[in-house]
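Structure first, commentary second.
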Amino acid sequence: DNFGKKIDVIISDMAENTTGNKNVDSIRTNNLCSTVINFSLNTLNKNGTLICKLFMGEDFLEVKNLAKDNFKKVDFFKPESSRSESKETYIICSLLKTL
């Protein structure tokens, strides 16, 4: 493991550089979010929490399903500071399912 022990929280505010094409931007950033989810599976303790940025878009359900396949609790949060027209939101995953 990466830290010598399992950790409690992973927070990822990462996003790919935007291109101006909302579909491409969504796919690229959501792919990054999926990578973070997969990373967390071997890094978080079983009661840990992952918070990760993602964009609403055509592949949103794929990210949501990946999270639901691996975590007992999955929620979403859009900060008030995010522009209303922005597709940005955050997925909050907790309580890893036994693999």
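Structure notes:
- With N the number of residues in the chain, Rg(Cα) / (2.2 N^0.38 Å) evaluates to 1.07.
- Average accessible surface area per residue within region 23-65, 1.4 Å rolling probe, Å²: 46
- The label point for Asn21 and the one for Lys97, both projected 7 Å from the Cα toward the Cβ, are 3.3 nm apart.
- Relative to the longest principal axis of the Cα atoms of the chain, helix 60-70 runs at roughly 10 degrees.
- DSSP-defined beta bridges in the chain - what % are antiparallel, rounded to 5: 70
- Acute angle (nearest 10 degrees) that the helix 22-41 long axis makes with the longest principal axis of the chain, alpha-carbon atoms: 10
- Contour minus Cα-Cα distance for Lys64 and Ile11 (0.36 nm per residue): 17.4 nm
- Total lysine pairs whose alpha carbons fall under 13 Å of each other in region 33-99 (8 or more apart, or interchain): 12
The values are calculated or read from the model by the stated rules, or taken from the named source; none is laboratory data. Being a predicted model, the structure only gives us computed values, none of them experimental. Note that each Cβ is placed from the backbone with ideal geometry, even for glycine, and that neighbours are counted across all protein chains shown. What goes into the accessible areas is simple: the full protein's heavy atoms, side chains included, and nothing from ligands, DNA or RNA. Shrake-Rupley method; radii C 1.70, N 1.55, O 1.52, S 1.80 Å.
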